[in-house]
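Colleague: Would you mind keeping the following structure in view while I ask a few things?
None of the figures in this text is laboratory data; all of them are computed from the coordinates on show. Small disclaimer: the values here were computed from a predicted structure and weren't measured. Ideal geometry is used to build each Cβ from the backbone, glycine not excepted, and the neighbour counts take in all protein chains shown.
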Amino acid sequence: MDVLSRAHALEAAGRHVVHMEIGEPDFTAPPAVVEAGVRALRDGRTAYTATLGLPALREAIAAHYAARFRVTVAPERIAITAGASGALLLAAALYVDPGDEILVPDPGYPGYRHCVRAFEGIARALPVTAAAGFQPTLDMVRAAWGPRTKGLLLGSPSNPTGTVIAPGELRRIAGFIADRGGVLLADEIYQGLVYGVQPSSALGLPGAVVALNSFSKYFCMTGWRLGWIVLPEQAVRGLEKLAQHLFICAPTAAQHAAVAAFLPGTLAVLEERRREFERRRDFLVPALERAGIAVPARPSGAFYVYADCSALCDDSKRFALELLEREAVAATPGIDFGANGTRRSMRFAYTRSLGELEEAAQRLARFCAARR
Ligand SMILES: Cc1ncc(COP(=O)(O)O)c(C=O)c1O
């Protein structure tokens with residue numbers, strides 16, 4: 001937040017800031033989605049929907065799982081939410097009782113621990129390592145699992161590291177959790193935004209698996225506030241009651257619009273954008289390395305590079321603020337994502353055009369050269 005507000009102040013004073021702190025696509029919703037949303041508004045289709053969401057949207061999501069991920073998900077198990085944030089909150093409300101422990105990766109998305117704590121649970125940090133691609137391993141989960149542990153909440157691809165968990169490892173972890181009667185909460189918000197690996201889902205793995213997802217990232221619809229959650233069948237009624245009381249339903253016009261997100265033409269637009277993110281990643285990783293900023297685990301998803309700045313600085317917040325003051329490049333200090341090695345790490349988002357990234361790379365090279 002410090003970086004963002006200072007970046008805005010610099011811009012107000014006339015400086016050209018390259019924004020690499022922003023965790024949202026620089027693309028807007030695809031045209032067919034916008035059209036469908038406008039039509040819904042014009043036609044007055046804006047009343048509350050059913051709490052679990054528009055049937056047509058739940059069916060479209062189920063069909064998407066079948067077509068792209070070869071997993072069968074009954075539409076009845078899908079609930080539409082206000083973003084993955086709404087899905088996370090509902091999942092925590094459903095599964096976390098006071099004193100329950102949920103394992104969360106460190107570094108990881110800060111919202112995970114806040115959602116667990118909101119329901120008086122304990123978010124137990126799982127220190128993930130670069131050697132293991134900044135993703136949990138079965139050994140880590142086994143070592144951390146205690147009598148009060150209820151589940152594991154992980155993101156793949158991960159924010160902030162952009163890394164993807166190996167499907168075999170996730171399967172083994174799911175089996176371990178299932179044997180203990182726990183729940184695997186898989187945040188798949190960056191699903192589809194992968195490069196050089198197959199997009200996958202935790203759905204279909206053994207045991208109680210809950211998948212959280214969103215229209216924010218792959219579908220470029222952040223401000224439409226729309227996401228979804230896929231639950232084990234027996235959990236749906238409980239979630240429906242909670243959602244009814246907490247949210248009533250997700251935004252109606254956004255739901256009508258999102259049905260068009262799965263049209264073949266829209267998916268083609270999104271695929272071209274995915275390739276553009278891949279080109280940016282392929283530019284940025286070597287550019288950072290040339291500047292002297294190490295990338296200990298090559299990202300294969302999302303739009304983040306998690307870099308090790310320890311050769312230049314041992315305080316990521318200071319690094320971020322100095323980089324911003326001297327070169328007007330805004331990036332996120334690792335400490336925003338936990339306590340495990342985060343003082344020497346920075347997250348660079350490639351949610352800006354290649355031209356902007358080239359400018360950032362030059363500024364970063366100059367900044368790093370001056371510090372050596
Ligand atoms: C890993 C992760 N999960 C969940 C969210 C919440 O996103 P939204 O509520 O827009 O779907 C974000 C947002 O940046 C995220 O990075």
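Colleague: With n ≥ 4 as the cut-off for DSSP H runs, can you work out [θ] at 222 nm for the chain, using -39500 (n - 2.57) per run divided by the number of residues, rounded to the nearest 500? Kindly include the intermediate steps, with their values, before the conclusion.
Modeller: Details: 12 runs with 152 residues, N = 372.
Computed ellipticity for the chain at 222 nm equals -13000 deg cm²/dmol.
Colleague: Using alpha-carbon pairs under 8 Å, 6+ residues apart, how would you state the relative contact order of region 31-262 in percent? Mind dumping the intermediate values first?
Modeller: Details: 455 pairs, mean separation 68.9, N = 232.
It comes to 30 percent, rounded to a whole number.
Colleague: Averaged over all directions, how much area does the convex hull of the C-alpha atoms of the chain cover when projected, in nm²? Before the final figure, lay out the partial values.
Modeller: Values: hull surface 71.8 nm².
Averaged projected area of the chain's Cα convex hull equals 18.0 nm².
Colleague: Next question, about the same structure. Within region 204-225, name every residue whose backbone N is under 13 Å away from a label modeled 7 Å from Cα of Arg171 along the Cβ vector.
Modeller: 204-206
Colleague: When the gyration tensor of region 229-372 is built from Cα positions, what are the square roots of 5 times its three eigenvalues, in whole Å, from largest to smallest?
Modeller: Working: eigenvalues 283, 90, 37 Å².
Equivalent-ellipsoid dimensions as semi-axes: 38, 21, 14 Å.
Colleague: Can you give the % of DSSP beta bridges in region 31-262 that are antiparallel, to the nearest 5? Working shown, then result.
Modeller: Details: 8 of 27 bridges.
In region 31-262, approximately 30 percent of DSSP beta bridges are antiparallel ones.
Colleague: Sequence-distant or interchain residues sharing an amide H contact under 5 Å with Gly227, placed H: which?
Modeller: Answer set, sorted by chain and number: Thr81, Ala82, Gly83, Phe215.
Colleague: Nearest 10 degrees, 0 to 90: what angle lies between the long axis of helix 236-246 and the longest principal axis of the chain (Cα atoms)?
Modeller: The two axes meet at around 70 degrees.
Colleague: Modelling each spin label as a point 7 Å along the Cα-to-Cβ direction, I'd like the Gln198/Arg275 distance in nm, to one decimal.
Modeller: 2.2
Colleague: Something else about it: Run the numbers for Ala294 and Glu233: contour at 0.36 nm per residue of separation, minus the present Cα-Cα distance, in nm.
Modeller: 17.5 nm
Colleague: In degrees from 0 to 90, rounded to the nearest 10, what is the angle of the helix 55-64 Cα long axis to the longest principal axis of the chain?
Modeller: 60
Colleague: Given R₀ = 25 Å, FRET efficiency for Glu35-Ala66 by Cβ-Cβ distance, to 0.05? Numbers along the way, then the final one.
Modeller: Working: r = 25 Å, r/R0 = 1.02.
Efficiency computed from Cβ-Cβ geometry: 0.50.
Colleague: Give me the percent relative contact order of region 54-169, please, defined on Cα pairs under 8 angstrom at least 6 residues apart. List each step's numbers first, then the result.
Modeller: Numbers: 150 pairs, mean separation 26.1, N = 116.
Over region 54-169, the number comes to 22 percent.
Colleague: Okay, moving on. Run the quick spin-label model on Asp43 and Ala178: label points 7 Å from Cα toward the beta carbon, then report their separation in nm to one decimal.
Modeller: My value for the distance between the label points is 4.1 nm.
Colleague: Arg371 versus Ala268, label points 7 Å from Cα toward the beta carbon: distance in nm?
Modeller: For Arg371 paired with Ala268, the spin-label model returns 4.5 nm.
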